[in-house]
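J.: One structure, pasted below without further comment.
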Amino acid sequence: MTTATHRDIADLQQISKQIRRWIVRSTSEADSGHPTSSLSAVELMVDLMFGGHFRFDLEQPDNPANDRLIFSKGHASPLFYALWAAAGEIEPDALMHYREFGSRLEGHPTARFPRTEAATGSLGQGLSIGLGMALSARYLDRSPARSFVLLGDSEMAEGSQWEAFQLAAHYKLDNLIGILDVNRLGQRGETMYGHDLQAYRQRIAAFGWRCIEIEDGHEHDQVLQALEQLDSDHEHPGQPTMLIARTIKGKGVPKLEDEPGHHGKPVDEEAAQNAFDDFDLDAKIDEHHEAIRGTFAAPPVYQPQPSASREADLTTYQQGDQVATRDAYGNALLRLAAKYPRLVALDGEVCNSTRSKRFRDQHPDRFFEMYIAEQNMVGAATGMALRGKVPFVSTFAAFLTRAFDQTRMARHSDAAIKFVGSHCGVSIGQDGPSQMGLEDIAMFRTIQNGVVLYPCDAVATEACVDAMAQYDGIAYLRTTRGETPVIYDNDEAFPIGGSKVVRRSDHDHVTLIAAGITLHESLRAHDILAEQGIRARVIDLYSIKPLDHATVREAADQTRMIFTVEDHVPEGGLGEAILTSLSDHPTPVNCLAVRKRPLSGAPQKLLDDQGISADKIVELVTQVAQAKIGLDHNRSDQG
């Protein structure tokens, strides 16, 4: 591509001016927003999108060959929306409803605006998402699509950025391009390196990236020359690229330029009128409008070759077999690979423990090792999910807590990620509390429309993995490290939102509700209690969210007390889910959970120490039953 002509640059200058006007006007109308952070990146984004470098078919926005643009600095949304208004995808009048209740033009971009590739605004996540999209394009779709990510200099302090830098270089993603807006000023003052472009270059290049400096990010000639290197320079195959541009925060409004103290504040009317000859929304692009839309480059011709779905083999386990549910998860991934050709697996360097290694060994082209970088792993999975893949993300449940910010933001992107946390609860044993997932149920229960599953045996696990793959949303599966007996037939169904009543009679005294490892403890407790004349109904609450309210309420109606048993802290766990479900019901609920700091030790010893083993369940049930509901556990004829 040749350098843009003076006429081309004149057009880009006019577009830039109009976009600045829209940025200032929309944030002034909203009386909130981040105009100064948007103004600094105008030329960088205008020259990318309208200078012939961004390959995108407006008539086919889902074309897998289209380039993708992610605003990691999501607070620059006024610029983001103004760009799409210039492209004809937003009516200019709609910009005046920016940040209004009900407007799809929210304060930080979300999936409610269809040109948003991913919800951003929590800083430090866009590069990982772009990495996931680049991985999908390069290794799964074999597509020429590129991922462009606009980054702010403040968010370069986030560790997730450097996780993404490492992985992008490792996977040789030369289809990932970052654009770093070095405007020097953060929210409260100067950033760590100010306008020192070399400081950024040295650090980013050290991770294996190609770096191109732009000394003045407001000069169209310089920006265009840098962008042209992406198309004409073939000396850096396999290297992701970072454009590092020196910019001025508040550029275009002289009163605000390079001045601290204006972050997140609208431009006052006097400053706006001094900056623009016509501070009026009606001063649109008009005769340049069609020309602007025409400046998108056409994506390369690309013919996707989707894989056909085939029926999965049947699950085959025998009742009484001892199988860890983490083993069943590994088996399920492998078994369901043909049924779900878009299924991919990402793991945090523990695939031999989570058992996703089996999928890796048979389908290495669909497995991505993310190493010990959980935040980037979830961000990359978000990018993959948004490009139509079904990503299963697995690691120890305890380590998923590091990536909760990425997880909650994935919800606002409508990214249907499937999470699998192994090594849950004190039952993992001697490794001790640092490895024990004790907060994971609570964490994933907070995800709106999310699913939380905790199967107790291999059959249930495989069925739950299948259900997760079909679910159009975020889902979490909790797996157990130790072996547990298979209690279900291979053809048993486990729909999301269901439960199993595994022990019951017409005259049950109490109900035990458990899931996973504690379901087996509850079954043993049931047998002991029966010998003492106390009949206990036992419910396998494998679907903790959504909850089978009808079955739980029926048990509350028909028995005199409920006991929940979980290998998890009480806050936000299974017990609190039951308490919420029965908040208007008179039947009392007792919650057995992990209530003190765990120690290292044998799994059964730890369950006993926390009061969630079979013996401890029996002890509490008999004590409470005798004291509060008048059951004499020495009699076997209680009705």
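The values are calculated or read from the model by the stated rules, or taken from the named source; none is laboratory data. For clarity, every value in this text was computed on a predicted model and none was experimentally measured. Please note: Cβ atoms are built from the backbone with ideal geometry, for glycine as well, and neighbour counts cover all protein chains shown.
J.: With crowded, with 21+ Cβ neighbours inside 10 Å and under 18 Å from I487 (Cβ atoms) as the only criterion, which of V538, V502, V552 stands out?
T.: The match here is V538.
J.: Just one of T407, T395 is without any contact (Cβ under 8 Å) to a residue 60 or more places away in the chain and closer than 22 Å to G130 by Cβ; which is it?
T.: T395
J.: Where the second residue is part of a loop (DSSP other than H, G, I, E, B) and among the acidic types (D, E) and the first is at positive phi and surrounded by fewer than 20 Cβ atoms within 10 Å (Cβ to Cβ) and lies in the range 335-358, which pairs have Cβ atoms under 9 Å and are six or more apart or on separate chains?
T.: Matching pairs, first to second residue: none at all.
J.: Filter the range 81-96 for residues that are touching a residue at least 40 places away in the same chain (Cβ under 8 Å) and part of a loop (DSSP other than H, G, I, E, B) and give the result.
T.: Listed by number, the residues that qualify are A87, G88, M96.
J.: For the range 364-398, name all the residues that are out of contact with any strand residue (DSSP E or B) (no Cβ under 8 Å at 6 or more places or on another chain) and either outside the structural domain of M443 (by TED's automatic domain parsing) or farther than 28 Å from P114 by Cα (or both).
T.: P364, D365, Y371, I372, A373
J.: Name the residue, out of L314, L336, L346, that is under 30 Å from D431 (Cα atoms) and outside the structural domain of A111 (by TED's automatic domain parsing).
T.: One residue alone meets the criteria, L346.
J.: Is it the case that some residue within the range 178-189 is more than 30 Å from the chain's Cα centre (by Cα), surrounded by fewer than 18 Cβ atoms within 10 Å (Cβ to Cβ) and not in a loop (DSSP other than H, G, I, E, B)?
T.: no
J.: I want to confirm something. Restricting to the range 464-499 and keeping residues that are acidic (D, E) and at pLDDT 95 or above, which single residue is surrounded by the fewest Cβ atoms within 10 Å (Cβ to Cβ)?
T.: Out of the qualifying residues, it is D472.
J.: Moving to a separate point now. If you take the residues of the range 574-631 that are without any contact (Cβ under 8 Å) to a residue 24 or more places away in the chain, under 40 Å from the mean Cα position of the chain (by Cα) and not in a helix (DSSP H, G or I), which of them is surrounded by the most Cβ atoms within 10 Å (Cβ to Cβ)?
T.: Among them, the one singled out is G611.
J.: Condition first: at pLDDT 95 or above and in a helix (DSSP H, G or I). Can you find one or more residues in the range 109-125 that meet it?
T.: no
J.: Could I ask something else about it? Provide a single number: the residues in the range 264-282 that are surrounded by 15 or more Cβ atoms within 10 Å (Cβ to Cβ) and modelled with pLDDT under 80.
T.: Within the range 264-282, residues that are surrounded by 15 or more Cβ atoms within 10 Å (Cβ to Cβ) and modelled with pLDDT under 80 number 2.
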